[in-house]
Amino acid sequence: MLGNLIAVAGLRLNFTPSMPLGIYRFAAVSVREIHRGMLVAVCAPSRAAQLGRRRGYVSRGACAENCEPLLKTVAAIAGDDVTISPSGVNVNGRILRDSRPLAIDRAGRPLLSWPRGHFHIARGAIWLHADHERSWDSRYWGPVPTRNVLAKAVPVLINVHR
């Protein structure tokens with residue numbers, strides 16, 4: 001019941017370690033306002049959402065494949081260069097914290113990362129990241145269409161000590 005009241009108020013409780021634990025408010029955002037460093041509520045791409053639901057990485061929600069919106073940071077926007085290597089993900093020559101793709105999940109199942117190499121982010125796409133080593137983000141599913149962004153996520157009350 002509390003969860004329903006929070007959702008109706010446009011708030012989201014985050015209990016996952018990918019982002020600081022706490023309460024976030026969703027605010028309207030246009031595609032033109034999306035920028036590097038922005039925290040967003042976003043729907044995972046369909047194939048990632050299917051796998052995430054099957055494996056229990058994400059809960060039920062209003063996005064495609066009955067997935068919940070995810071909280072992620074926009075790490076790269078159109079025109080940025082992304083390089084994936086065994087040591088992690090670089091955006092415009094800067095390594096993202098805790099971005100090394102993992103070979104297996106917590107249950108020992110194989111994880112396939114986005115192919116290693118150098119990529120240029122196309123218009124209408126973004127690269128998503130959460131600085132937690134086990135985050136389910138673009139290092140596994142690649143660029144995401146900006147149309148998948150539902151809202152800007154604004155921290156209301158968070159625990160900054162993870």
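We did not get these values from a lab; they are worked out from the coordinates using the rules stated. None of these values were measured; they are calculated from a predicted model. Glycine gets a Cβ as well: all are built from the backbone with ideal geometry, and neighbour counts include every protein chain shown.
Observations, loosely collected:
- Within the stretch 63-161, strands (runs of 3 or more DSSP E) holding 1 or more residues that are closer than 22 Å to Gly52 by Cβ and touching a Pro at 6+ places or on another chain (Cβ under 6 Å): 125-129, 149-158
- Selection from the stretch 28-79 of residues that are buried (at least 19 other Cβ atoms within 10 Å of the Cβ), within 23 Å of His120 (Cα to Cα) and of a type in the set (D, E, K, R): Lys72
- Sole residue being out of contact with any helix residue (DSSP H, G or I) (no Cβ under 7 Å at 6 or more places or on another chain) and of a type in the set (S, T, N, Q), chosen from Ser46, Ser85: Ser85
Residue-by-condition table, conditions (1) in contact (Cβ under 8 Å) with a residue 60 or more places away in the chain; (2) under 15 Å from the mean Cα position of the chain (by Cα); (3) surrounded by 15 or more Cβ atoms within 10 Å (Cβ to Cβ):
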position	(1), (2), (3)
Val91	no, no, yes
Asp98	no, yes, yes
Ala107	no, no, no
Pro115	no, no, no
Ala125	no, yes, yes
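- Within the option set Ser59, Ser85, being within 19 Å of Ser138 (Cβ to Cβ) and polar (S, T, N, Q) holds for one residue only, Ser85.
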